[in-house]
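Notes to accompany the following structure.
The values are calculated or read from the model by the stated rules, or taken from the named source; none is laboratory data. Computed from a predicted model, the values in this text were never measured in an experiment. Methodologically, a virtual Cβ is constructed for each residue, glycine included, from the backbone with ideal geometry; neighbour enumeration extends over all protein chains shown. When the accessible area is computed, the model is the full protein with side chains, heavy atoms only, and any ligands, DNA or RNA have been set aside. Shrake-Rupley method; radii C 1.70, N 1.55, O 1.52, S 1.80 Å.
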Amino acid sequence: PSRGLGDVYKRQLKDSEKFSDNIYYCDKISTPFIFGITAPKIYIPKGTDIAYLEYIIAHEKYHLKRKDYIIKAFAYLLLCIHFFNPLCYVAFRLMNKDMEMSCDEKVIESFKSIKREYSTALLGFATNNYKASPSPLCFIENDAKSRIKNILKFKKPKKAAVSYTHLTL
């Protein structure tokens, strides 16, 4: 009997060690990601530098909070239906990039003076990303160069600018 893709990944992740709540350490991955739809879990590579752990978990929790894993699954379904349309591939890739950069910005806003450490963590995951991505539905550390550039030039919006935009909406 043939096994589904989900079964293959579940088998790879079954030996993961629980860190807390829905967060697990796994030695078979090289980058943090979220896996699952009904009960999503955060997987972090075993041996991740403890100095970066808080930022990594915050990033992944922003994905969970915004339900990005559901949006991404729906978008992937649409991509499968419209596989013949190259614009769908472009849209899917840009959506992923926007989701990642948005979560990066939320982490940068939440913590003070972490741009350098956070960029270093991203670069570390990007250079160690020699293992295959578990699934196109996982949030993986990709496009590190543009993400790091975005982090380094990111400036927290001033309160006056924020209130003005709320007034115009």
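Surface exposure of the stretch 1-82, expressed per residue as accessible area with a 1.4 Å probe, stands at 59 Å².
How big is the charge dipole of the stretch 36-97 about its Cα centre, in debye rounded to the nearest 20, if each Lys and Arg gets +1 on its Cβ and each Asp and Glu gets -1 on its Cβ? Could you put the intermediate results ahead of the total?
Details: 9 positive and 4 negative charges, 31 e Å.
In debye, rounded to 20, the stretch 36-97 gives about 140.
Straight-line reach from Lys97: taking Cα to Cα under 13 Å and skipping same-chain neighbours fewer than 8 places apart, the aspartates and glutamates in range are Asp68, Glu105, Glu141, Asp143. Taking label points 7 Å from Cα along the Cα-to-Cβ direction, Cys88 and Thr120 give a separation of 4.3 nm.
Loop-located chymotrypsin sites (Phe, Trp or Tyr not before Pro) across the stretch 49-99 with a Cβ neighbour count of 15 or fewer within 10 Å are Phe83, Phe84, with loop assigned by DSSP. Of the trypsin sites (Lys or Arg not before Pro) found in the stretch 64-109, those that fall in a DSSP loop while having at most 16 other beta-carbon atoms within 10 Å are Arg66, Lys67.
Inter-label distance, Asp98 to Thr38: 3.0 nm, where each label sits 7 Å from its Cα along the C-beta direction.
On average, how much area does the Cα convex hull of the stretch 1-125 cover when viewed from any direction, in nm²? Please list the in-between numbers first.
Details: hull surface 36.8 nm².
Its Cα hull, projected and averaged over all orientations, spans 9.2 nm².
Taking 0.36 nm per residue of separation and subtracting the Cα-Cα distance, full extension of the segment from Arg11 to Lys67 would add 17.7 nm.
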